[in-house]
Amino acid sequence: MSNIAKAFQNGKAFIPFITCGDPDLVTTAAAVREAVRNGADLIELGIPFSDPTAEGPVIQGANLRALSGGINTDMIFSFVRGLRSDVTVPMVFMTYANVVFSYGAEKFISTCAEIGIDGLILPDIPYEEKEEFLPLCHQYGVDLISLIAPTSQNRVGMIAREAEGFIYLVSSLGVTGERSSINTDLSDIVRTIRENTSVPVAVGFGISTPEQARAMASVSDGAIVGSAIVRLLEKHGKDAPEHIGEYVKSMKDAIRDL
Amino acid sequence: MTNPKGRFGIHGGQYIPETLMNAVNELEEAYYHYKNDPEFNRELTELLNDYAGRPSRLYYAGKMTKDLGGAKIYLKREDLNHTGAHKINNVLGQALLAKKMGKTRLIAETGAGQHGVATATAAALMGMECVVFMGEEDTVRQALNVYRMRLLGAEVIPVKTGTRTLKDAVSEAMREWTTRISDTHYCLGSVMGPHPFPTIVRDFQAVISKEIKEQMLEKEGRLPDAVLACVGGGSNAIGSFYNFIDDKDVRLIGCEAAGRGIDTFETAATISTGSLGIFHGMKSYFCQDAFGQIAPVYSISAGLDYPGVGPEHAHLYDTGRAEYVAVTDDEAVNAFEYLSRTEGIIPAIESSHALAHAIKLAPTMDKDKIIVVTVSGRGDKDCAAIARYRGEDIHE
């Protein structure tokens, strides 16, 4: 069984996203540890990319800050190795296909397995292109996370049947970023997913408040939050970790017992 | 591959967010339907001929030929099309297709502004809403085109992310498309992005080589020895090459923008300096660093200032069927001035890259050889920038 399954054994899962190196890796490490201490069930670590086409302005900003600080993939690999000395919750990388491809897919994916990365989220690898990395992911035991969107319609079953780790259900149209309200009715999509797989489903994109997290987690197995956390980093910089801890606690408390 | 659709050798594919997959699938289905629909083709031909002014002329550049003293030079005059560039060929096709699909809104990226102007034009003609994304830096370099788009009723959104040029305009148009799909068609301007765009845009631009072939047979009774075109994403080049791909004796030469030189960081010559990668929906060659971060590219030409190249060009390069050369800013500016003075034709700075290579190539060929250079657009839009490049402080 995928290590990621552990994230869904403590009630509804809360999954924070943090961009590595925003503003520096010392802060990222502190933010991850604060998030875990306050109830995060799985950590989504962003490897920055110069042109993150699925991101809204907030996470684009984090990517730029991290890259202008001189971060690179090798530095992030050694950083995760260090984190793994005490952080035991499942961790996945979120990045773009070119970061994996240009590093050398086998070298990238085998290193993920070696340092304790459990899965990969690549928003520009849809079902049709997953063969690019899937054989290597299987070879090294790293889950390639499938995304399903409100526009997936007739594709939901096909994607769900082959999903691994967890399914990242995109809450609404558009790019990442906080939304004042999420109006998509996800229950039909979740029903179709459930008919096709037992892999857990977490909802992301646009969630920032405990109320939104409750609403999304009540129809799924968990909530993913990116931009709202990145905004704390944008605002507080090196002092962000304690704010992230408080925020994660409020979010996990809102969904734990659903 | 699970899905070999849209591959040119190893290049191409559909590396896009799941949110857009059904949109590109619908587009593919509609395209393959209308591609063979007589009514669609009749309407498109009528638009191309009566509205855009096709067929464009194949002009024998006699003075240039004599001055260079080598191969005979013909110019394919895409600059004479309505809106002043080859971009209209593709846009009329896509706008008509979008309309048939029930879309009421076109979005587009633009570099030099030519594709944006063409899209705004087609939207005005067909009564569609139009939003154009343009890098903030390019809105300054090409201020006149910004005004033209607004005059035509389009909204122009300056893109302030990244390098604020064409690459960022493409990213922003893609983001916009994921936000609003049901009534919106993304009218991509080059032979790039996810399948089916490289195929659709190529097919709509292939009219260029279809005409060159007919006109050349009529004028010379034979095929040319070489066809030259500039390459950014590569749409006028693939359009100029396509119907010659099976004619192995015709050399196909793509001219990339070397900027300040391919040995500098200020270049946009993807095939000369780039490496294999995955970006903007496609596998192809890109200017990037060792960790896959896309490089900030540079060229004097806003239309060639892009860090990638269309997947079919990448494949033509891999197989050796087409050659790709790099042309510097200086060489392109010299060619811009040369054609203006020699033939009385002011070419776009983009097209000037192909002309610069022709100026080098023609004298090395015998007088009984023939080369065709595609003048992809006209250069009025570039006059102020070139004047400034030469140290004259003029403003539009």
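What follows is calculated from the coordinates using simple rules that are stated; it is not laboratory data. Since the model is a prediction, treat every value here as computed from it, not as a measurement. For neighbour counting, all protein chains shown are included, and Cβ atoms are generated from backbone atoms with ideal geometry for every residue, glycine included.
Structural size metrics of region B:173-294, computed from C-alpha coordinates, are Rg and Dmax of 17.1, 52 Å.
Listed by chain and number, the aspartates and glutamates whose C-alpha is less than 15 Å from the C-alpha of residue A:6, apart from same-chain residues fewer than 8 away, are A:41, A:44, A:118, A:143, A:164, A:221.
For chain B, modelled as a GNM whose springs connect Cα atoms under 10 angstrom apart, the maximal fluctuation among B:352, B:272, B:235 occurs at B:272. The sum of -39500 (n - 2.57) across all DSSP H runs of n ≥ 4, divided by the residue count of chain A, sets its helix-only mean residue ellipticity at 222 nm to -13000 deg cm²/dmol. For region B:82-95, the Karplus equation 6.51 cos²θ - 1.76 cosθ + 1.60, evaluated at θ = phi - 60°, returns couplings of 3, 6, x, 6, 5, 4, 4, 4, 5, 5, 4, x, 5, 5 Hz by residue, with Gly and Pro reported as x. Helices in chain B, meaning DSSP H runs of at least 4 residues, each add -39500 (n - 2.57). Divided by all residues, the mean residue ellipticity at 222 nm is -12500 deg cm²/dmol. Mind checking which of A:94, A:75, A:216 has the largest fluctuation in a GNM of chain A, springs on alpha carbons under 10 Å? Residue with maximal mean-square fluctuation among A:94, A:75, A:216: A:75. Residues whose amide H falls under 5 Å from that of residue A:94, counting only those 5 or more places apart or on a different chain, are A:45, A:46, A:47, A:121, with hydrogens built in the peptide plane. The alpha carbon gyration tensor of region A:44-197 gives principal lengths a ≥ b ≥ c with a/c of 1.5 or higher and a/b no greater than b/c, which makes the shape oblate. Normalising the Debye intensity of the protein assembly as shown to I(0), with uniform scatterers on Cα atoms only, and taking log10 at q = 0.09, 0.11 Å⁻¹ returns -0.73, -1.03. When the alpha carbon gyration tensor of chain A is reduced to an equivalent ellipsoid, its three semi-axes come out at 24, 22, 17 angstrom, largest first.
Relative to the longest principal axis of the Cα atoms of chain B, the long axis of helix B:18-34 lies at roughly 60 degrees.
Listed from fewest to most Cβ neighbours within 10 Å, the set B:317, B:59 follows the order B:59, B:317. Look at B:119, B:184, B:264 and count the other Cβ atoms within 10 Å of each Cβ; fewest to most, that gives B:264, B:184, B:119. Considering chain B, its Cα convex hull presents a mean projected area of 18.2 nm². Let a ≥ b ≥ c be the square roots of the eigenvalues of the Cα gyration tensor of region A:192-240; is it rounded (a/c under 1.5), or, if not, prolate (a/b larger than b/c) or oblate? Prolate.
Ordering B:313, B:11, A:236, B:86 from the fewest to the most neighbouring beta carbons within 10 Å gives A:236, B:11, B:313, B:86. Pairs spanning more than 20 Å between alpha-carbon atoms, out of B:219/B:369; B:160/B:381; B:72/B:381: B:160/B:381; B:72/B:381. For region B:54-64, 3J(HN,Hα) computed residue by residue from phi via the Karplus equation (6.51, -1.76, 1.60; θ = phi - 60°) reads 6, x, 7, 6, 10, 9, 7, 8, x, 5, 5 Hz, glycine and proline entered as x.
With the simple spin-label model, which puts each label point 7 Å out from Cα in the Cβ direction, the residue A:250 to residue B:22 separation comes to 3.5 nm. Mean-square fluctuations from a GNM of chain B, with a 10 angstrom spring cutoff on Cα atoms, peak among B:140, B:159, B:297 at B:140. Of all lysines in the structure, those lying under 26 Å Cα to Cα from residue B:35, and not within fewer than 8 positions of it along the same chain, are B:5, B:76, B:87, B:99, B:100, B:103, B:210, B:213, B:283.
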